[in-house]
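All remarks here apply to the structure that follows.
The values are calculated or read from the model by the stated rules, or taken from the named source; none is laboratory data. Everything numeric here is computed off the predicted structure, so don't read it as measured data. Note that each Cβ is placed from the backbone with ideal geometry, even for glycine, and that neighbours are counted across all protein chains shown.
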Amino acid sequence: MNQNNLDTGCQNTWCLGCGNFSILNAIKDVVKSLVEDGTLLEDIVLVSGIGCHGKIIDYLDMNSFYSLHGRAVPAAEGIKIANPKLKVIVFSGDGDSYGEGLEHLIFAAKRNIDITMIVHNNRVYGLTTGQYTPTSPFGYKGKSTPKGTHEDPLNPLELMLASGATFISRAASHGINLLKKILKEAILHKGFSLVDILQVCVTYYNMYKYYSERVYELSDHDFSDYNTASNKIREWDYNKDAKIGLGVFYKKEKPTFDERYKDFVRKDIDRDKEINKILEHYI
Ligand SMILES: Cc1ncc(C[n+]2csc(CCOP(=O)(O)OP(=O)(O)O)c2C)c(N)n1
Ligand code: SF4
Ligand SMILES: [Mg+2]
C-alpha cells in the first residue's frame, strides 16, 4: 500500500455532497482490508466507464483502465480472460451500464464471468447535466425531457437475475458501513457480481431524503432461492411509497466463464511469460 493511503493527489471535481465521495471512501477501506487479508494490491484492476462515476479511478492510486462510454464491461472481460488471477472491479454509471452498455452487461451476467460491477446508480446522466437514463422515474424532468419522461424505469436487479448473474445486491451511498460490507462480499464472490448503488446526485436528482426515509437492511431473506429473490427484488420497483431493501438479494455458486474458458486456452504457451513480454514492451 502506498504511503498516500491510495490517494493520487488529483484534484477532485465532484460536486460538494455528491454520493460518489462515500463510494470512494468505502472502496478505499475495502481494498485496504483485502490487502490485509492477503490480496496483492497489484492483483486488483479497476475499470471505469465514462461519467462522473468514472473519475473515481483518477482518485485511486491503483492499476486502472478508463474505458469508453458503455464499454467498461468488455474491457473488464478482456482483462479477466487475459489474466484470470486478477480481481477486476468495474465502476460504471446507470447510463453507462443500463443504457449504452446494456447488451454487454447482460452477456457478462449470462457468462458468469468473475468480475464485480459497481453501478453508481444516480438515475441521471450526471456528467452531461442531468438527462434521463433507464432508471429515471416516470415523469422525470431533465434537460432532454423538460415535460417529463413517458417511460417506466428499468429494474436492473430483476434484469440481472433473469440474465444469470450469481450475486445481486443493492446499496446506498449513505450508510457507509453497509456499503463496505456489500462491496467486500461482492468482490470476494466467485462469479459475476452486481452492486447497484443508489448514489445521490445532489445537483441533478437529489433523492437523499426520499432514500433515507425508505431504506432498510435485508434480514431473514433467503438469497439462495431464485423466486424469493425475484419477489424481494420487485418489492420496491420504483413504487413511490414502498420500502427499499439494501443487501444481498441473490447469491449462487456456479462455474465461471474464466474457469470454463481456461480449458480452451493453448497449453503450450506460458501465459505469465507472454504477459510479462507485453508489459516489458510498454514499461
Ligand atoms: C459513445 C458515447 N456516447 C455519449 C457520450 C457522452 N457522455 C459522456 S458521460 C455520459 C453520461 C454518463 O452518465 P452515467 O453513465 O449515468 O454516469 P454519471 O455521470 O451519472 O456518473 C454521456 C452521455 C460519450 N462520451 N460517448
Ligand atoms: S453532477 Fe451529480 S453525480 Fe456528478 S459530481 Fe455532481 S452531484 Fe455527483
Ligand atoms: Mg448516472
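Odds and ends about this structure:
- The single condition among (1) among the β-branched types (Val, Ile, Thr); (2) closer than 30 Å to ARG260 by Cα; (3) more than 12 Å from ligand 1 (Cβ to nearest atom); (4) out of contact with any helix residue (DSSP H, G or I) (no Cβ under 6 Å at 6 or more places or on another chain) that ILE106 does not meet is (4).
For (1) outside any helix (DSSP H, G or I); (2) of a type outside the set (S, T, N, Q), each residue gets a yes or a no:
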| site | (1), (2) |
| --- | --- |
| GLY139 | yes, yes |
| ALA165 | yes, yes |
| ARG170 | yes, yes |
| ALA186 | no, yes |
| LEU194 | yes, yes |
| THR203 | yes, no |
| LYS209 | no, yes |
| SER224 | yes, no |
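- Screening the range 16-34 for residues that are part of a loop (DSSP other than H, G, I, E, B) and either at pLDDT below 95 or surrounded by fewer than 15 Cβ atoms within 10 Å (Cβ to Cβ) (or both) and picking the one that is farthest from the chain's Cα centre (by Cα) gives LEU16.
- Residues that are surrounded by 15 or more Cβ atoms within 10 Å (Cβ to Cβ) and either in contact with a strand residue (DSSP E or B) (Cβ under 9 Å, 6 or more places away or on another chain) or at pLDDT 80 or above (or both) do occur in the range 258-274, at least one of them.
- Qualifying residue in the range 109-118 (condition: surrounded by fewer than 18 Cβ atoms within 10 Å (Cβ to Cβ) and either touching a Phe, Trp or Tyr at 6+ places or on another chain (Cβ under 8 Å) or under 27 Å from VAL45 (Cα atoms) (or both)): yes
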